[in-house]
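Written below as structure tokens is the structure these notes are about.
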Amino acid sequence: MVKRLSILAIVMAFLVVSIGVTMAGEGGNARKGKYLFRKTCRSCHMADGSAKELSPVSKTQADWQVVFDDISKLQCKDEWAALSEKDTKDIYSYLYGHAFDSPSPAKCK
Amino acid sequence: MPETKTKMMSRRKFLQMSGALAAATAVADPCRVLYALTKVAGENDPARIKEVFSACDMCFNKCGLIAQVENNVIRKLDPNPKSLKSRGMLCARGNAGVKQLYDPDRLKYPLLRKGARGEGKWMRLTWDQALDHAAEQLDRIGKEYTRCGFLFMAGTDMQSTFVHQFAEAYGSYNVISHESNCLLSRNRAFLDTYGVMPTPDVLNCKYVIMPGANRFEAIVTPDSMDLMSAKAKKSKLVVLDPRFTKTAAFADEWYPIKPGTDMAFFLAIAHVIIAEELYDKTFVKEMTSGFEELREHVKQYTPQWAQVETDIPARDIKRIARELAAAAPSAMVYPGRRSSDYEDSTQIRRSYAIVNALLGNWDREGGLLVPKKVKPGSMHIEAPFYEDNPDDRVDAGRAQMMFDEEGSFKHTRDAVIEGKPYPIKGWMTYKTNPMQTGANRDKTIEMIHKLDFMMTVDIAMSDTAWMADLVLPAPSYLERQDPLSAFLASSTCSGVITRDPVVPAMFESKPVFWIVKELAKRLDLGEFFDFTVDDFRKAQLKKIPEVAKALKEDGVYNVSGPSFGLHKGKPFKTRSKKIELYNTRYRDKGIDPMPVYNKPKVIPKNYFRIVVGRNAYITQSASTNNSLLWELEKENKLWIHPKPAANLNINDNETIIVKSSAGKVTIKARVTKETRPDTVYMDTGYGVLSKGLTNIFGKGACIAEVLEDKADKISGNMAMHETLVTVSKA
């Protein structure tokens, strides 16, 4: 029973995440997203980090869209599941809004 | 002063010193400036001279230099022959850098305003007093108006990154650069066409059309030198400019184009190239998107039509189009630099970018290049997030596609004046002078009067410093340690340069890095500046140790190897992954997806269009007070053609009044055929308010006072050529 509930909880979490990002183009706060990206993602996604170095300009807007269309495919899906819908949306807004082919590509910092 | 030194002084030096003394005693101890001006026994003895590498800062180019230093005094600045970007040269302004260092007008210690803003009454503070006061204001304004209630503006400088970092740690995303008074619309256009801002390989180009750019006076390295070298190799230069500039003088063909019609010329060039099938068909097919739409679009823009718009004969437009295409791919429309001219300046530059694409000059020798660039590491900070901050920049939404990290001075200024969408009450400026470079000076003054607190960090008492509440003295580029700076250098590829102090910092000047670090400590933000410039450099050099060695041995790191043919098969950083002749993002945002020509406003009788430009010995307002350069131009004058001058009964050198809806100035006339009869011109950087600039105070007129503040609709870049003025006898 406990196992079933955990599975259900994980499935629900994935659903929440995927619903969140599907709608993410609207209303996310890219500035908060920048802060959250640095706080939650960059600890691994940095030079000499445990995962590939990432910044908004690592991908095109279309590529980020594919990523956020189904976050459950990511290796770090558990970390994403722990984030709120709003936080996910904010991070998406930052990465998508300042992508490689966006009108305002992020500057390297 | 030692007797030997006094005896060796010439009368001229004595007079120079006396003048310096009179100017300097009013504000500070001038001893070290005077010492530097004094001849020393055995001066220029090679055995006593030490050579120290640095990078010039008399403009933005950062040319490599070698300072000749004797007993901690710089005697001379020489070019660094190893600096490939500057082709081993240093221009007259670069040589005059020594007078920026030894300038009696330099700011010497922190000053607090005592009288009304701009009245020029100051009180000397200690650094502790100044920093405590600034921190108190930052803290108060942050709490009262949110952190975004404080605006930051840093000019082009190797330490500006620390101002940005401070703004981020403090919590304001209202950060603007000088660039929205300069080149943002050019960058916007090329980014939206190529996905990147390429650098032109002028050296190997066989046919250059230079619209507006004045590369032999508004120096860009290596382009200025390369253009001269290319000329020696018989390349062709066609200049379009309403003024007969030095660049026009060296050109094979000069067309005094009607201002505001460059787009018409290039749409007609595209028309001919497409109609006569002179474009690079393989390139256009494989690398561009929207060619069919472009073909249809430019059908209307015939050379005959363009002749009426531009005042350039249709037969010449046709011939130039054919010659340009015949020389391709080593042929180009030069992208230029400053593009703060018209309300459609992005679309004008899109027309340049599109013609370049038709020529297929991308990533080819003599075309538009994106060389391999060194990427120094960086020090990330985990800036806090302030939940009470507004959602966006104060200037958000005022332009169609503003660069989020650059903003717009014009729109920010409007927002501050309106107090909408939220109030801004504090402003920190570093090494930028919007009082002189931002069109409509009265509005900048109005903006400043809306503030509770304004602080300026600079070398001299610029007009912007003059209006501030707190003025903090910075060292010149020859007295400070900077981080590394990577640069692109056209066909010479790219490189890295840095600066170490050539001589100790004079007076009480402190680098802006130290200033923001001290402010951070006082604001409990010290953890974000828990490093030195050395630490910062180490982080930059971590993965590129070879750079450190070259900087030490040669004063510059040059990336060698070819700078073209590097992007074959790689997608462009655009939506379509191709060069976007037709921009779908523009279409989706309701912007013309291809440049649509709109006639510039007709100039009514007795009116003139005023245009902005440069000469080779001044860098806007940053160098007009430099005593060596000031000898070359003591005041600016209004260029006016003899025909209208005669109609207005204005003689050469006569004092006149220039008036627009923004303001009115008094200036002397320079009656000359070097400008069109419908166009007038004056240099930037005169007519100052600051009495701290003793050479130029009371000389000439301030162009920012008469320029109206229009903006490019897409990027928010200032549009400074939209102003019409009247001219009359004083």
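Quick notes on this one:
- All positions within segment B:356-405 that are within 8 Å of chain A (Cβ to nearest Cβ), touching a strand residue (DSSP E or B) at 6+ places or on another chain (Cβ under 8 Å) and closer than 30 Å to B:Asp588 by Cβ: B:Glu405
Condition check ((1) buried (at least 17 other Cβ atoms within 10 Å of the Cβ); (2) away from chain A (no Cβ under 14 Å); (3) farther than 30 Å from B:Tyr352 by Cβ) across all residues:
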{"residue": "B:Lys549", "(1), (2), (3)": "no, yes, yes"}
{"residue": "B:Leu566", "(1), (2), (3)": "no, yes, no"}
{"residue": "B:Tyr586", "(1), (2), (3)": "yes, no, no"}
{"residue": "B:Val611", "(1), (2), (3)": "yes, yes, no"}
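- Of all residues making up segment B:147-167, the number that are surrounded by fewer than 20 Cβ atoms within 10 Å (Cβ to Cβ) and farther than 22 Å from B:Pro434 by Cα: 0
- Candidate set from segment B:676-706 (those that are touching a strand residue (DSSP E or B) at 6+ places or on another chain (Cβ under 7 Å) and part of a loop (DSSP other than H, G, I, E, B)); member that is nearest to B:Trp639 (Cα to Cα): B:Met682
- Annotation note: of B:Asp452, B:Asp442, the sole residue that is under 22 Å from the mean Cα position of the chain (by Cα) and of a type in the set (Asp, Glu) is B:Asp442.
- Test: residue in segment B:652-669 that is under 22 Å from the mean Cα position of the chain (by Cα) and on the phi < 0 side of the Ramachandran plot: no
- For segment A:63-100, the set of residues classified as among the small types (Gly, Ala, Ser), out of contact with any Ser or Thr (no Cβ under 8 Å at 6 or more places or on another chain) and either under 19 Å from A:Lys34 (Cβ atoms) or not in a helix (DSSP H, G or I) (or both) consists of A:Ala82, A:Ser84, A:Ser93, listed by residue number.
- Subset tally (residues that are in contact with a strand residue (DSSP E or B) (Cβ under 6 Å, 6 or more places away or on another chain) and part of a loop (DSSP other than H, G, I, E, B)) for segment B:241-266: 5
- Segment A:50-109: number of residues that are more than 14 Å from chain B (Cβ to nearest Cβ), buried (at least 21 other Cβ atoms within 10 Å of the Cβ) and under 25 Å from B:Ile579 (Cα atoms): 0
- Here the condition is being out of contact with any Asp or Glu (no Cβ under 6 Å at 6 or more places or on another chain) and either of a type outside the set (S, T, N, Q) or within 15 Å of A:Thr40 (Cα to Cα) (or both); of A:Lys107, A:Lys73, it holds for A:Lys73 alone.
- Segment B:370-401, subset modelled with pLDDT of 95 or more and surrounded by 21 or more Cβ atoms within 10 Å (Cβ to Cβ), residue farthest from B:Ser491 (Cα to Cα): B:Val394
- Among the residues listed as B:Val202, B:Val196, B:Val238, B:Val208, the single one being assigned to a loop (DSSP other than H, G, I, E, B) and either more than 14 Å from every other protein chain (Cβ to nearest Cβ) or within 24 Å of B:Lys710 (Cα to Cα) (or both): B:Val202
- Of the helices (runs of 4 or more DSSP H) lying entirely inside segment B:495-594, those carrying at least 3 residues that are farther than 30 Å from B:Glu292 by Cα are B:512-522, B:533-541, B:545-554.
- Look at (1) in contact with a Ser or Thr (Cβ under 9 Å, 6 or more places away or on another chain); (2) surrounded by 17 or more Cβ atoms within 10 Å (Cβ to Cβ); (3) away from every other protein chain (no Cβ under 14 Å); (4) modelled with pLDDT under 95 and you find that B:Ser623 fails only one, number (1).
- Some residue of segment A:11-25 being assigned to a helix (DSSP H, G or I), at pLDDT 85 or above and either within 14 Å of chain B (Cβ to nearest Cβ) or exposed (fewer than 15 other Cβ atoms within 10 Å of the Cβ) (or both): no
- Just one of the listed residues (B:Leu240, B:Leu324, B:Leu278) is farther than 30 Å from B:Asp683 by Cβ, at pLDDT 95 or above and crowded, with 22+ Cβ neighbours inside 10 Å, namely B:Leu324.
- In segment B:165-183, the count of residues that are within 16 Å of the chain's Cα centre (by Cα), of a type in the set (Val, Ile, Thr) and either within 14 Å of another protein chain (Cβ to nearest Cβ) or not in a loop (DSSP other than H, G, I, E, B) (or both) is one or more.
- Residues satisfying the stated conditions in segment B:488-503, i.e. hydrophobic (A, V, I, L, M, F, W, C) and modelled with pLDDT of 95 or more: B:Val496, B:Ile497, B:Val502, B:Val503
The values are calculated or read from the model by the stated rules, or taken from the named source; none is laboratory data. Only a predicted model underlies this, so the values are computations on that prediction, with no experimental measurement involved. Positions of Cβ are backbone-derived with ideal geometry, glycine not excepted, and every protein chain shown enters the neighbour counts.
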